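Heads up: the structure comes next, in structure tokens.
The values are calculated or read from the model by the stated rules, or taken from the named source; none is laboratory data. Since we're looking at a predicted model, the values are computed, not measured. In this analysis, Cβ positions are derived from the backbone assuming ideal geometry, glycine residues included, and neighbour counts consider all displayed protein chains. Ligands, DNA and RNA are stripped out before the accessible areas are found, and what is left, the full protein with its side chains, is counted by its heavy atoms. Shrake-Rupley method; radii C 1.70, N 1.55, O 1.52, S 1.80 Å.
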Amino acid sequence: MIEMQDVQKTYPNGVSALNGVSITIEDGEFVYLVGQSGAGKSTFIKLIFREEVATSGKIEVNGKDLLNMKWREVPLLRRDIGVVYQDFKLLPKLSVYENVAFALEVVEESPRHIRKRVMEVLDQVGLKNKARFIPDELSGGEQQRVAIARAIANYPKLLIADEPTGNLDPDTSWGIMKILEEINASGTTIIMATHSKDIVNTIKRRVIAIEGGLIVRDQHRGEYGYEA
Amino acid sequence: MTLASIAAVTTTLLLVATFLTIIMNINHIANSIEEDVEIKVLVDVTATEEETEQLGDELNQLEHVESIVFSSRDEELQNLMTSMGDQGSFWEMFEQDNPLNDVYVVKAQNPQDTEMIAQEIEGFNRVERVNYGQDIIQSLFTFNNFARNIGLVLIIALVFTAIFLISNTIKITIYARRKEIEIMKLVGATNWFIRWPFFVEGLLLGVLGSIIPIAILFSGYYYLNHSAGLDQFDFIQILPYHPFVWQLSGIVLLIGASIGIWGSVMSVRKFLKV
Ligand SMILES: Nc1ncnc2c1ncn2[C@@H]1O[C@H](COP(=O)(O)OP(=O)(O)OP(=O)(O)O)[C@@H](O)[C@H]1O
Ligand SMILES: [Mg+2]
């Protein structure tokens with residue numbers, strides 16, 4: 001699914017965020033990405049769906065070579081990847097329904113398929129009854145669930161979540177984790193950056209720890225390993 | 001802002017249409033005069049028949065010549081008398097003692113070569129004089145080049161102003177939709193999917209801007225063609241109303257649309273690099 005070899009990323013301002021990362025992530029895995037603030041977790045994630053381009057090394061996602069990819073091939077890569085952001089990135093003027101439908105309209109699905117699929121994923125995240133609400137009328141956890149619904153609407157093979165529980169209270173966070181586990185159980189690979197010691201130590205999965213732009217630990221059913 | 005950019009396109013196209021009308025018509029007039037330009041080679045009156053024939057042979061050897069017609073002094077006199085009409089009878093007294101020259105009328109294949117050929121002929125034996133309408137043509141071409149250069153500079157400056165205004169108008173729309181575009185890109189929209197609404201907006205601005213210039217072209221050129229009295233001088237033949245107005249309208253519309261599209265494409269470009 002994902003294969004990185006000696007990946008380096010230096011931002012245009014000279015900050016070196018990743019300094020030689022090599023890793024393999026298989027289909028269907030559930031991976032936590034941990035590490036202190038500024039370690040390079042978000043950078044790692046952005047490289048996978050090519051929001052950022054690596055400076056050197058080799059990245060392969062779904063068999064596609066990301067460093068030698070043309071601009072017009074990027075949309076096709078992204079259609080196989082769902083992304084959930086810490087700040088949700090919902091459009092404030094659109095309803096919950098429209099926010100999710102948007103992701104399917106962009107890939108030019110038929111209107112009939114869109115109607116059916118949007119209600120399906122809203123049901124999956126438990127928001128079927130709030131389809132007409134706008135984001136401002138929802139709680140943080142509900143907004144995060146809309147973002148997840150949008151990310152999975154197009155049946156991605158890979159779901160990436162950058163601190164999906166970052167701004168949420170513990171109860172709500174567990175709700176989000178339950179949804180992510182279900183999605184993973186249905187075969188979708190999940191990569192999740194997190195600062196939550198509780199979650200990582202309770203729902204035991206593979207843990208990849210990043211420090212100073214390097215992978216310092218890679219454990220199956222690992223621990224969080226930092227003081228919360 | 002929207003209105004300003006439509007107005008900019010309108011102004012640009014009005015000038016484009018005016019300049020093209022002037023330039024194309026002067027060109028047309030110059031060409032039609034030029035088409036008729038002949039080199040009259042006046043054979044020396046003292047030349048013998050043989051020498052005259054020899055000169056004819058030499059002329060026949062010239063390159064880039066379309067036709068050579070010989071006209072004897074008697075024919076020349078006859079032509080003169082006919083062309084003078086009533087007053088032609090005055091020339092009858094010369095019938096016995098014709099003062100005119102034998103003439104070779106030479107036509108260049110390419111009117112532009114007329115001067116060169118004429119100069120070459122001047123050096124031939126037994127040539128008294130060479131006449132051709134070099135002055136009119138030269139000044140027409142000089143004026144046309146001058147008008148064309150000024151027009152081009154002005155038009156290019158205006159086109160860029162219009163493109164700039166349109167791209168700014170569209171940038172405002174894009175700015176408002178920046179977040180939407182970013183998310184579209186992140187969920188896998190192709191650049192064209194994002195670009196086309198702006199493309200259409202630019203196209204629309206361009207087309208709206210060309211309505212007034214085209215209307216003015218249709219009525220203005222009609223006036224020029226029918227009521228300005230230009231048709232009384234048959235040496236000035238401006239381009240006929242049809243198909244000229246249609247062709248020029250097509251050009252105006254095309255330029256308007258290109259300005260609009262260019263402006264919009266330019267302004268979207270940097271927002272697509274996500
Ligand atoms: N767009 C950017 N331009 C320049 N430097 C950047 C950019 N994004 C991140 N960085 C730098 O790269 C380093 C790694 O940042 P990154 O966002 O990957 O960390 P992180 O592990 O996600 O941190 P956090 O846990 O706080 O989200 C930091 O030093 C950061 O300042
Ligand atoms: Mg981060």
Note to self: Could you check segment B:133-192 and list, in sequence order, the residues that are among the polar types (S, T, N, Q), part of a helix (DSSP H, G or I) and closer than 22 Å to residue A:71 by Cα?
What the structure shows: B:191
Next item on the list: For segment A:166-183, indicate whether the set of residues that are of a type in the set (Asp, Glu), in contact (Cβ under 8 Å) with a residue 12 or more places away in the chain and more than 29 Å from residue A:95 (Cα to Cα) is non-empty.
Entry: no
Next item on the list: Could you grab me the full set of residues in segment B:145-195 that are away from chain A (no Cβ under 12 Å), open to solvent by 80 Å² or more (accessible area, probe 1.4 Å) and over 34 Å from the mean Cα position of the chain (by Cα)?
Entry: B:172, B:175
Check: Looking at this structure, is residue A:35 open to solvent by less than 50 Å² (accessible area, probe 1.4 Å), touching a Gly at 6+ places or on another chain (Cβ under 8 Å) and at positive phi?
Finding: no
Notebook entry, point to check: Is there any pair with a first residue in segment B:262-274 that is aliphatic (A, V, I, L, M) and a second that is assigned to a helix (DSSP H, G or I) whose Cβ atoms are under 6 Å apart and which are 6 or more apart or on different chains, and what are they?
Noted result: B:266/B:167; B:268/B:195; B:268/B:198; B:272/B:191; B:274/B:182; B:274/B:185
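A quick yes/no check of all residues on (1) within 16 Å of ligand 1 (Cβ to nearest atom); (2) within 26 Å of residue B:183 (Cβ to Cβ); (3) within 18 Å of the chain's Cα centre (by Cα):
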position: A:5; (1), (2), (3): no, no, no
position: A:26; (1), (2), (3): no, no, yes
position: A:46; (1), (2), (3): yes, yes, yes
position: A:66; (1), (2), (3): no, yes, yes
position: A:69; (1), (2), (3): no, yes, no
position: A:99; (1), (2), (3): no, yes, yes
Note to self: Exactly one of these conditions fails for residue A:89: (1) part of a loop (DSSP other than H, G, I, E, B); (2) open to solvent by less than 50 Å² (accessible area, probe 1.4 Å); (3) out of contact with any strand residue (DSSP E or B) (no Cβ under 9 Å at 6 or more places or on another chain). Give me its number.
What the structure shows: (3)
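Among the residues of segment A:20-77, which ones are among the hydrophobic types (A, V, I, L, M, F, W, C), within 16 Å of ligand 2 (Cβ to nearest atom) and assigned to a loop (DSSP other than H, G, I, E, B)? Let's see the steps before the verdict.
Going residue by residue through segment A:20-77, those that are among the hydrophobic types (A, V, I, L, M, F, W, C) are A:21, A:23, A:25, A:30-31, A:33-34, A:39, A:44-45, A:47-49, A:53-54, A:59, A:61, A:66-67, A:69, A:71, A:74, A:76-77.
With within 16 Å of ligand 2 (Cβ to nearest atom) added as a condition, the list becomes A:21, A:31, A:33-34, A:39, A:44-45, A:47-49.
A:39, A:49 - these are the residues of segment A:20-77 that are among the hydrophobic types (A, V, I, L, M, F, W, C), within 16 Å of ligand 2 (Cβ to nearest atom) and assigned to a loop (DSSP other than H, G, I, E, B).
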Check: For segment A:110-124, does any single residue satisfy the condition of being more than 21 Å from residue A:78 (Cβ to Cβ) and under 16 Å from the mean Cα position of the chain (by Cα)?
Finding: no
Check: Does any residue of segment B:72-95 turn out to be open to solvent by less than 40 Å² (accessible area, probe 1.4 Å) and assigned to a loop (DSSP other than H, G, I, E, B)?
Finding: yes
Next item on the list: Please specify each residue of segment A:52-86 satisfying the condition of being within 13 Å of chain B (Cβ to nearest Cβ), out of contact with any strand residue (DSSP E or B) (no Cβ under 7 Å at 6 or more places or on another chain) and open to solvent by less than 30 Å² (accessible area, probe 1.4 Å).
Entry: A:74, A:75, A:78
Next item on the list: Considering each residue of segment A:159-200, count those that are surrounded by fewer than 22 Cβ atoms within 10 Å (Cβ to Cβ) and within 14 Å of another protein chain (Cβ to nearest Cβ), and give that number.
Entry: 1
Note to self: With the requirement that a residue be open to solvent by 20 Å² or more (accessible area, probe 1.4 Å) and not charged (D, E, K, R), what does segment A:108-129 give you?
What the structure shows: A:110, A:111, A:113, A:119, A:124, A:126, A:129
Notebook entry, point to check: Taking segment A:155-196 only, how many residues are within 16 Å of ligand 1 (Cβ to nearest atom) and within 14 Å of residue A:31 (Cα to Cα)?
Noted result: 11
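Among the candidates B:30, B:47, which residue alone is assigned to a helix (DSSP H, G or I) and among the small types (Gly, Ala, Ser)? So that I can check it myself, show each step before the final result.
Numbers: B:47 fails: assigned to a helix (DSSP H, G or I).
That would be B:30, the only listed residue that is assigned to a helix (DSSP H, G or I) and among the small types (Gly, Ala, Ser).
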